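Report on one structure; see the data block that follows.
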């Protein structure tokens, strides 16, 4: 994927040999650590979640394998794709979270352009909570989206692990498989919950299953992860099933699968997720097109763009990418 140009590399030789310790050692030396630590109150820690955590974990893992060639930047944001969101989590109450947001905005980190910063609470139940939030454990997602890596902590903070699995996938033989296993094996898993439509965002029509299905495919592409045959079959069925119902008008009203007042939100979210995949480097974009064609994403984008004038660009970018590949093949 295309990365932001790196302006400053740290002259770092990590003493740690295991990933979790190495992450802690690296992050403590980054520019962001002090910026994120300053607004924390004593007893709090801050984590990075989801694709951001995955980016960090793979970068440090590559550095451990080849420290002379895989250098680590002084600013960990330099590892990120230019339109990659930044999901941060602090172990606090919701009120403390709002206060931290205000203090964070006064730091250089808080106003850096190009990254949307989303703040969540680690323990609190409610719309911004994770570990104690039944919605978090009910809604469909993938393991990449559930991982946490501790960036920095205050002295008296609760000693949660530096690398956390907030949800796990249970294999057929009863083994628990989490975010940390994805980093080691490079195999992501889709978490399909039969009670998905009981979660708040799904109930109000902002999170039909197709959203998490497309996000899972996008995450697998971005990080070049393997996908199991069973997951590929399930994700394809969800996407093609939604598209078919969208075309013939048979989406279920009032069950979260389809609430007209929120259709614009869902359409835009789906279109943005798919479009981002075609903004990566040429190799990944071509791979995305192949997988999107296979899983029904391309057809879904066709339908969305035919229904909304505001949603344009995916199909055009797809054709441009394929044409560019054809021209290169002819020249070579």
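For residue 114, the test of being on the phi > 0 side of the Ramachandran plot, modelled with pLDDT under 70 and either surrounded by fewer than 21 Cβ atoms within 10 Å (Cβ to Cβ) or within 21 Å of the chain's Cα centre (by Cα) (or both) is passed.
Put simply, of 79, 88, 40 the only residue that is touching a helix residue (DSSP H, G or I) at 6+ places or on another chain (Cβ under 6 Å), within 26 Å of residue 167 (Cα to Cα) and buried (at least 17 other Cβ atoms within 10 Å of the Cβ) is 79.
Applying the selection to the stretch 11-27, what residues are at pLDDT 80 or above and assigned to a loop (DSSP other than H, G, I, E, B)? Within the stretch 11-27, 14, 15, 16, 17, 18 qualify.
Would you say residue 64 is in contact with a strand residue (DSSP E or B) (Cβ under 7 Å, 6 or more places away or on another chain) and either outside any loop (DSSP other than H, G, I, E, B) or over 21 Å from residue 144 (Cβ atoms) (or both)? Against the criterion (in contact with a strand residue (DSSP E or B) (Cβ under 7 Å, 6 or more places away or on another chain) and either outside any loop (DSSP other than H, G, I, E, B) or over 21 Å from residue 144 (Cβ atoms) (or both)), residue 64 does not qualify. Just to be sure before I move on: is residue 173 assigned to a loop (DSSP other than H, G, I, E, B) and either out of contact with any strand residue (DSSP E or B) (no Cβ under 7 Å at 6 or more places or on another chain) or over 15 Å from residue 273 (Cβ atoms) (or both) in the structure I sent? So residue 173 fits the description; yes. Do the conditions hold for residue 301, that is, is it under 30 Å from residue 198 (Cβ atoms) and either under 21 Å from the mean Cα position of the chain (by Cα) or in a helix (DSSP H, G or I) (or both)? So residue 301 fits the description; yes. Among the residues of the stretch 229-259, the one identified as in contact (Cβ under 8 Å) with a residue 40 or more places away in the chain, part of a helix (DSSP H, G or I) and surrounded by fewer than 16 Cβ atoms within 10 Å (Cβ to Cβ) is 247. Count of the stretch 98-111 residues, restricted to those that are touching a helix residue (DSSP H, G or I) at 6+ places or on another chain (Cβ under 8 Å) and modelled with pLDDT of 70 or more, is 2.
All conditions but one from (1) assigned to a helix (DSSP H, G or I); (2) assigned by TED's automatic domain parsing to the domain that holds residue 84 apply to residue 164; the one that does not is (1).
Say whether the condition of being closer than 30 Å to residue 194 by Cβ and touching a residue at least 12 places away in the same chain (Cβ under 8 Å) is met by at least one residue in the stretch 311-327. Looking for residues that are closer than 30 Å to residue 194 by Cβ and touching a residue at least 12 places away in the same chain (Cβ under 8 Å), one finds none in the stretch 311-327, hence no.
Of all residues in the stretch 28-62, exactly one satisfies the criterion of being over 25 Å from residue 220 (Cβ atoms) and either at pLDDT 90 or above or under 18 Å from the mean Cα position of the chain (by Cα) (or both), namely 46. In this entry, residue 262 passes the filter for residues that are over 22 Å from residue 51 (Cα atoms), touching a residue at least 24 places away in the same chain (Cβ under 8 Å) and either in contact with a helix residue (DSSP H, G or I) (Cβ under 7 Å, 6 or more places away or on another chain) or part of a helix (DSSP H, G or I) (or both). Of everything in the stretch 130-150 that is in contact with a helix residue (DSSP H, G or I) (Cβ under 7 Å, 6 or more places away or on another chain) and part of a loop (DSSP other than H, G, I, E, B), the residue that is modelled with the highest pLDDT is 140.
Could you say whether any residue in the stretch 221-228 is assigned by TED's automatic domain parsing to the domain that holds residue 274, part of a strand (DSSP E or B) and surrounded by fewer than 21 Cβ atoms within 10 Å (Cβ to Cβ)?
Yes, there is a match, as at least one residue in the stretch 221-228 is assigned by TED's automatic domain parsing to the domain that holds residue 274, part of a strand (DSSP E or B) and surrounded by fewer than 21 Cβ atoms within 10 Å (Cβ to Cβ).
The values are calculated or read from the model by the stated rules, or taken from the named source; none is laboratory data. Quick caveat, the model's predicted, so the values are computed rather than measured. For neighbour counting, all protein chains shown are included, and Cβ atoms are generated from backbone atoms with ideal geometry for every residue, glycine included.
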